[in-house]
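Q: Have a look at the structure that comes next, please.
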Amino acid sequence: MIRAAPLLLFLAGACAPVAHDPALPPLAQDQVEPGPALLEHALLTFFAGPGAAADPPTVCVDLSPGGLPAEAEKALMARFPRLAPRSRCEQPPGWIDRLTGERAVLLQAYGLECADTVICTGWTNAPGSPATRWIMRWHDGRWTFAGDHRLIAQ
């Protein structure tokens with residue numbers, strides 16, 4: 001039985017939901033599209049913290065204003081298997097998955113502004129975390145992120 005314990009732990013870990021596929025190149029390597037890069041960064045942070053548990057199983061993202069282009073949404077869903085299309089999340093009294101009826105969460109990026117091609121700022125809002133203002137800088141072929149965590153007065 002003692003020899004079987006490591007195997008059981010390995011198998012239990014293999015059945016856990018995958019939060020991120022590291023085999024795909026980061027969206028932060030695309031200088032032209034900082035919005036998807038900001039969402040990818042926010043999703044990495046979310047799935048490493050409050051989103052690490054598979055409850056709720058459905059996570060959607062939103063980029064405003066303008067919305068997330070379909071290609072960028074597909075690229076994010078390829079990297080994050082628990083991510084669902086934005087159209088699946090609706091908000092009756094709280095966020096739910098339109099297909100399953102289960103609870104869902106919405107991670108938002110908004111207020112993205114670029115002073116030029118190398119400096120942008122934007123906000124993210126994720127369940128369980130305060131809104132965060134990000135300063136994005138293009139450096140060494142990728143976007144880098146410096147967070148400014150602010151509590152917004154209600």
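The values are calculated or read from the model by the stated rules, or taken from the named source; none is laboratory data. Quantities reported herein were computed from a predicted structural model and do not represent experimental measurements. So basically every Cβ, Gly included, is an ideal-geometry build from the backbone, and we count neighbours across all protein chains shown. Just the protein is used for accessible areas: all its heavy atoms, side chains included, with ligands, DNA and RNA removed. Shrake-Rupley method; radii C 1.70, N 1.55, O 1.52, S 1.80 Å.
Q: Identify, please: which residue in the stretch 81-116 is among the acidic types (Asp, Glu) and open to solvent by 70 Å² or more (accessible area, probe 1.4 Å) and is, among those, nearest to the chain's Cα centre (by Cα)?
A: Of all residues in the stretch 81-116, those among the acidic types (Asp, Glu) come to 90, 97, 102, 113, 116.
This time we only want the ones that are open to solvent by 70 Å² or more (accessible area, probe 1.4 Å), so: 90, 102, 113, 116.
Details: Glu90: 17, Glu102: 19, Glu113: 19, Asp116: 24 Å.
The selected residue is Glu90.
Q: So, Trp134, is that one hydrophobic (A, V, I, L, M, F, W, C) and open to solvent by 50 Å² or more (accessible area, probe 1.4 Å) or not?
A: no
Q: Do the conditions hold for Gly122, that is, is it small (Gly, Ala, Ser), closer than 22 Å to Pro26 by Cα and surrounded by fewer than 11 Cβ atoms within 10 Å (Cβ to Cβ)?
A: no
Q: Tally up the residues in the stretch 37-79 that are touching a Leu at 6+ places or on another chain (Cβ under 7 Å) and among the β-branched types (Val, Ile, Thr), please.
A: 2
Q: Would a scan of the stretch 19-27 turn up a residue that is modelled with pLDDT of 90 or more and either in contact with a strand residue (DSSP E or B) (Cβ under 8 Å, 6 or more places away or on another chain) or of a type outside the set (S, T, N, Q) (or both)?
A: Quick first cut of the stretch 19-27, residues modelled with pLDDT of 90 or more only: 27.
Keeping just the survivors that are either in contact with a strand residue (DSSP E or B) (Cβ under 8 Å, 6 or more places away or on another chain) or of a type outside the set (S, T, N, Q) (or both) gives 27.
Yes, because at least one residue in the stretch 19-27 is modelled with pLDDT of 90 or more and either in contact with a strand residue (DSSP E or B) (Cβ under 8 Å, 6 or more places away or on another chain) or of a type outside the set (S, T, N, Q) (or both).
Q: Let me ask something else about it. Within the stretch 47-80, work out how many residues are among the basic types (Lys, Arg) and crowded, with 17+ Cβ neighbours inside 10 Å. Full working, then the answer.
A: The first filter runs over the stretch 47-80 and keeps only residues among the basic types (Lys, Arg), leaving 74, 79.
Restricting the remaining residues to those that are crowded, with 17+ Cβ neighbours inside 10 Å gives 79.
Here the count works out to 1.
Q: Another question, if that's okay. Could you please find all residues in the stretch 83-100 being more than 14 Å from Leu68 (Cα to Cα) and among the hydroxyl-bearing types (Ser, Thr, Tyr)?
A: Selection gives Thr100 alone.
Q: Is it the case that the stretch 90-111 has a residue that's β-branched (Val, Ile, Thr) and modelled with pLDDT of 95 or more? Before you say what the answer is, go through the steps one by one.
A: Here is the first cut: in the stretch 90-111, the residues β-branched (Val, Ile, Thr) are 96, 100, 105.
Subsequent filtering for residues that are modelled with pLDDT of 95 or more retains none.
For the stretch 90-111, residues β-branched (Val, Ile, Thr) and modelled with pLDDT of 95 or more: absent.
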